[in-house]
Structures are given as C-alpha cells and as structure tokens.
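To keep things clear, I will list the structure first and then write my remarks on it.
The values are calculated or read from the model by the stated rules, or taken from the named source; none is laboratory data. All figures in this text were calculated on a predicted structure; none of them were measured in a lab. Every residue, glycine among them, receives a Cβ derived from its backbone with ideal geometry; neighbour counts consider all protein chains shown. For accessibility, only protein heavy atoms count, side chains too; no ligands or nucleic acids. Shrake-Rupley method; radii C 1.70, N 1.55, O 1.52, S 1.80 Å.
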Amino acid sequence: MNIICQNLQKIKQNIPRTVSLIAVSKTKPVIDIQTAYDCGQRHFGENKVQELIAKQPLLPEDIKWHMIGHLQRNKVKYIVAFVYLIHGVDNLKLLKEIDKQARKHNKKLNILLQIKIAREETKFGMDEAMSDDILQQYKNQTFTHVQIKGLMGMATNTTDKEQIAGEFAYLHQLFEKYKKQFPEFEYLSMGMSGDYRIAIENGSNMIRIGSAIFGAR
Ligand SMILES: *Cc1c(COP(=O)(O)O)cnc(C)c1O
C-alpha cells in the first residue's frame, strides 16, 4: 500500500468517527489527490483560488472541496459553482459577496466564520464582537443565500501545548454558545497536522490535515 493511503488510515484509526477529516492538498500534484481519493478520501482542502480552480476539473466530480485559506472578495465568483464549504470568512464584506454570488447561482453556500484565536499578527480571523454582530444580522435574515455552519480557527504556531489547548477551548466555548441559538451550527474546524490531537480533545469535529498525509511541503 502507498504511503498516502497508510497515512490516511493511520489518522482515521486514531480519531473518533464523529470527526471529519479534510485532506489539505495545497501545493501537491493532482496525482496525489487522486491517490488519496482512490483510498476513499472525499473531502479535500485548498487555500488558493487559482490552485483550486486548476485542480478541480481534473479530478472526480464527487470530491467535496473546502476553501480553507484567506479568500479575496473578487475571487469568490470563481468557486461558487462547486465549492462545498468556505472556512475562512473573516469579514462582513466577504460574507456579503458570497451571499451575492450564491444568489446568482440560485444556491445556498455553506460557510464557517473564522475567529482569530492565535496570539500572532499573521493569522486572519474576526473577534467575538464581530461574529456576534454578523450572527445577529444573519438571524435577522440579512443573508439569504448563505448557511453559517460553524466556526474555524488556527492556534498559535508554538510548542506550548497549554497555550494551544487554551485557544482551542476558547473557540469551542464560543461554538457552543452559538449552537444554542443556531441549530445549523454543525462544524468546529480546528486542528492541523501538528495540533489536531489537542484540537479534538478540545471539541473539534473537523480537522484539516496536510503534511501528515501528503508529506512535507
Ligand atoms: C496548510 C493548512 C492546513 C494544513 O496544515 P498541515 O500542517 O500541513 O497539516 C490547515 N489549515 C489551513 C488553513 C492551512 O492553510
């Protein structure tokens, strides 16, 4: 059996069945994605629109594509037709654009709000006051063509496990707060190759794994 398959199986054996595994294929060739697909993987994540739209037509149609990276407003139109879930919605203008493009396609798009939990300047995401505000508007039916399915976050890139756990625990608590008001809240997307075990211990039900499946980039 090939190494991609082995890696996928090893991860799946070590996570609860209730946790969705997204194989992050950014920078990796189409053949690697096909290999993972042939091993049964269906959910894949990319972080650049250009790369996503180049790969998508070359691969099986039933792949569920996740846009996990920072998304620019002017690029939403290129992915609305096929994207399964947009993880990185971190501002109101972007959400409005997704709503507008989804309306044109006469569909509802699934999105996650990205919350900034890391203590780093480089990580994107909104704060709790902004997500409160956006969800209030959502409740008032301001957005008719998006479904807010949950939250996404990235922990600080550090070896301090307690800090990482604290950041994930905070996001979990925020997720539970919103879930009480919004029954469609389903996904808490947190955890990558280096920290997915800590993420799952702290309530994650969707992990985004790249290098632990496909090898270093
Ligand atoms: C690259 C990336 C991942 C996967 O990272 P690995 O460390 O390779 O598992 C997860 N989430 C986002 C948003 C990414 O950009």
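Scanning region 85-98 for residues that are assigned to a helix (DSSP H, G or I), open to solvent by less than 50 Å² (accessible area, probe 1.4 Å) and either touching a residue at least 40 places away in the same chain (Cβ under 8 Å) or of a type in the set (S, T, Y) (or both) returns L92, L95, I98.
Within region 191-217, the set of residues being within 14 Å of the ligand (Cβ to nearest atom), farther than 16 Å from K12 by Cα and either among the small types (G, A, S) or open to solvent by less than 40 Å² (accessible area, probe 1.4 Å) (or both) comprises G215, A216. Cβ separations smaller than 7 Å between residues 6+ apart or across chains give the following pairs from region 60-84 residues that are closer than 21 Å to Y187 by Cα and away from the ligand (no atom under 16 Å from the Cβ) to residues that are among the basic types (K, R) and at pLDDT 95 or above: D62/R42; I63/R42.
Scanning region 21-37 for residues that are within 14 Å of the ligand (Cβ to nearest atom) and open to solvent by 40 Å² or more (accessible area, probe 1.4 Å), which turns out farthest from the chain's Cα centre (by Cα)? It comes out as T27. Per this entry, E162 is not counted among residues that are on the phi < 0 side of the Ramachandran plot and either of a type in the set (A, V, I, L, M, F, W, C) or in contact with a strand residue (DSSP E or B) (Cβ under 7 Å, 6 or more places away or on another chain) (or both).
Please work out which one of (1) away from the ligand (no atom under 14 Å from the Cβ); (2) under 24 Å from L95 (Cα atoms); (3) not small (G, A, S) is the condition E162 fails and give its number. Single failed check for E162: (2).
Given the condition assigned to a strand (DSSP E or B) and either closer than 25 Å to K104 by Cβ or away from the ligand (no atom under 14 Å from the Cβ) (or both), answer yes or no: does some residue in region 172-184 qualify?
Here is the first cut: in region 172-184, the ones assigned to a strand (DSSP E or B) are none.
Within region 172-184 (the criterion being assigned to a strand (DSSP E or B) and either closer than 25 Å to K104 by Cβ or away from the ligand (no atom under 14 Å from the Cβ) (or both)), the answer is no, since none of the residues qualifies.
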